[in-house]
Amino acid sequence: MKNTRPESQDRPKPSLRARIRKYFAGNTVRSRVTLIILLITALSMMVVGVVVGVIQYRSVLSSVDDHLKHSETEVREFADRIATENSLYADQPASAGDFILQFMREQLPVTNEGMMGFIGGELTYHQGELGIPVQDDSELVDTLKPLTASNFTEWTDVKTATGHYRALSVPVVMADGDSAAIVFVYEIGNELAPVRVFIWSYLVIALITILCAGIAAWWAAGRVMEPLARLRDATTRITEHNFDERIPIQSTDDLADVSRSFNAMLDRMAAAFTSQYQLLDDAGHELRTPVTIVQGHLELMDVNDPDDVAQTRELALGELDRMRRLTDDLVLLAKTERPDFLQIGPVDVTDLMHDAFTHAQQLGERNWKLGTVAPIIVDGDAQRLLQALLQLAANAVKFSELESTITLSADIHGDGSELYLSVADEGLGIARENQTRIFERFGRVDASRTGAGLGLSIVAGIAHSHGGDVALTSQQGRGSTFSLVLPLSNGMPVDSET
């Protein structure tokens, strides 16, 4: 027989925690913040109300018990006076009943209090002219009768259809053995009336407070979330070709810091996209030139002329080699931004500079010198640092004359926090307005020079990947000094004896 129950009945009901989590996940942050504040406010008001209510309730009960104890004391004192001051009482009480009657004549009950005298378990006297008519509550009287048979003071609480009572039964035993009981009854319900008024008043005040807290929380959450709303709106307007959106900053709080960080991120992204577009344009231009040259020569080549074929072949191979070097440089430049570009390890700066000096002498006939070398070990990639130094050396050879001096050095500058790996030449120098542009991709001062203009960009990429930078000091006609600036937060000096 097939199961005809709906599939929903077989599914277990989600737990309360799951339902609460689903509710919070499906609502806005503003709603969740408001609800949390409402819950905290309601819980706080409830705790305060319960604590204050319990304190007031116990205070009323304590006051009632103190009054009943005082009434018991009055009975004892009255009995002592009768026993010791017979002259004041010519008519000595002959029985327990007379004792009760005489006591009630002298003692009047206060508001919400009543007195009853029981003889032989039966209600005989009552004080009803003042206070509450407790004698009219038959249920109360029937409940108190068993207590009056005891020879000890008895306490009890009685709830009837008429009210809620706190009662104290005080036994009266005469010298001849005659006994009775005086019962003091306090109507707690009336005494608790101010507490009930407080509770209802507090509930009204609490509801108004919670309502005001909810309105204030909704307004405050909206104000707090306003920068995030602007951030959300800005992100929806940002596209690949539109990075002009910025969030206005109108404060100095944490959310303003978020806005500043977001604006800074947009600046970096805009710069990155602009750089990518520029790279693609420049790379396309650089690659288009050799392709155009090869295509033009192939179209004009006389296939029947061996010399023309040989010249065209040599030219095509040269242009293809130029394209290969360009693509290799582009790949290397892209790798400088990858986290695995460097193989970090201890680098002895002395060994690094000697290796660079040895290799650099093969780049051209110059007066090569090795200047000051700081004996220090730093963390870095020795191969990449050597590559950057040789690139700077090759650049110095390209822009200097034969037999001019090129100096390699490694100096600690400033307060000892930076290491400068430098290559200084006596070449043409670079104008101030071009000193920043030459480190950009395809940046060249003289367009007639050979090369793609990626060498110094690669040097800058290697420096940046080490957490450092590049520096240039140059004077036209006197030469330039290019430096890799590396931080020395973890540098260690080398013992000269080793």
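Out of region 153-174, which residues are among the hydroxyl-bearing types (Ser, Thr, Tyr) and assigned to a strand (DSSP E or B)?
Going residue by residue through region 153-174, those that are among the hydroxyl-bearing types (Ser, Thr, Tyr) are 153, 156, 160, 162, 165, 169.
Within region 153-174, Thr156, Tyr165, Ser169 meet the criteria.
Scanning region 389-410 for residues that are in contact with a Gly (Cβ under 8 Å, 6 or more places away or on another chain) and of a type in the set (Asp, Glu) returns a single hit, Glu401. Within region 194-244, being among the aromatic types (Phe, Trp, Tyr), free of Cβ contacts under 8 Å to residues at least 40 places away in the same chain and more than 30 Å from Ala271 (Cα to Cα) holds for Trp200, Trp219.
Counting the residues of region 168-181 that are touching a helix residue (DSSP H, G or I) at 6+ places or on another chain (Cβ under 6 Å) and at pLDDT 85 or above gives 6.
Condition check ((1) in the same structural domain as Leu421 (by the TED database); (2) part of a helix (DSSP H, G or I); (3) within 51 Å of the chain's Cα centre (by Cα)) across all residues:
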| residue | (1), (2), (3) |
| --- | --- |
| His354 | yes, yes, no |
| Phe357 | yes, yes, no |
| Leu363 | yes, no, no |
| Trp368 | yes, no, no |
| Gly371 | yes, no, no |
| Val378 | yes, no, yes |
| Gln383 | yes, yes, yes |
| Leu390 | yes, yes, yes |
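Scan Leu123, Leu140, Leu147 and give me the residue that is touching a Ser or Thr at 6+ places or on another chain (Cβ under 6 Å) and farther than 21 Å from Thr73 by Cα. Explain how you work it out, then say what you get.
Details: Leu123 fails: touching a Ser or Thr at 6+ places or on another chain (Cβ under 6 Å); Leu147 fails: farther than 21 Å from Thr73 by Cα.
Sole residue among the options that is touching a Ser or Thr at 6+ places or on another chain (Cβ under 6 Å) and farther than 21 Å from Thr73 by Cα: Leu140.
So how many residues does region 369-387 have that are within 19 Å of Ser474 (Cα to Cα) and surrounded by 17 or more Cβ atoms within 10 Å (Cβ to Cβ)? Qualifying residue count, region 369-387: 0.
Filter region 181-200 for residues that are farther than 30 Å from Gln102 by Cβ and either touching a Lys or Arg at 6+ places or on another chain (Cβ under 7 Å) or not β-branched (Val, Ile, Thr) (or both) and give the result.
Keep residues of region 181-200 that are farther than 30 Å from Gln102 by Cβ, which gives 189, 192-200.
Scanning region 181-200 gives Gly189, Leu192, Ala193, Pro194, Arg196, Phe198, Trp200.
For region 1-116, the helices (runs of 4 or more DSSP H) that sit wholly inside it and include 3 or more residues that are of a type in the set (A, V, I, L, M) and modelled with pLDDT of 90 or more are 29-84.
For region 464-473, which positions are farther than 17 Å from Leu408 by Cβ and assigned to a strand (DSSP E or B)? Asp469, the sole residue that qualifies.
Could we say that Gly364 is touching a strand residue (DSSP E or B) at 6+ places or on another chain (Cβ under 9 Å) and within 30 Å of Ile293 (Cα to Cα) here? Walk me through it before giving the result.
On the way: touching a strand residue (DSSP E or B) at 6+ places or on another chain (Cβ under 9 Å): yes; within 30 Å of Ile293 (Cα to Cα): yes.
Against the criterion (touching a strand residue (DSSP E or B) at 6+ places or on another chain (Cβ under 9 Å) and within 30 Å of Ile293 (Cα to Cα)), Gly364 qualifies.
Looking at this structure, is Leu130 at pLDDT 80 or above, aliphatic (A, V, I, L, M) and either surrounded by 15 or more Cβ atoms within 10 Å (Cβ to Cβ) or more than 14 Å from Ile182 (Cβ to Cβ) (or both)? Break it down stepwise before answering.
On the way: at pLDDT 80 or above: no; aliphatic (A, V, I, L, M): yes; either surrounded by 15 or more Cβ atoms within 10 Å (Cβ to Cβ) or more than 14 Å from Ile182 (Cβ to Cβ) (or both): yes.
No.
The values are calculated or read from the model by the stated rules, or taken from the named source; none is laboratory data. None of these values were measured; they are calculated from a predicted model. Backbone-built Cβ (ideal geometry, glycine too); neighbour counts: all protein chains shown.
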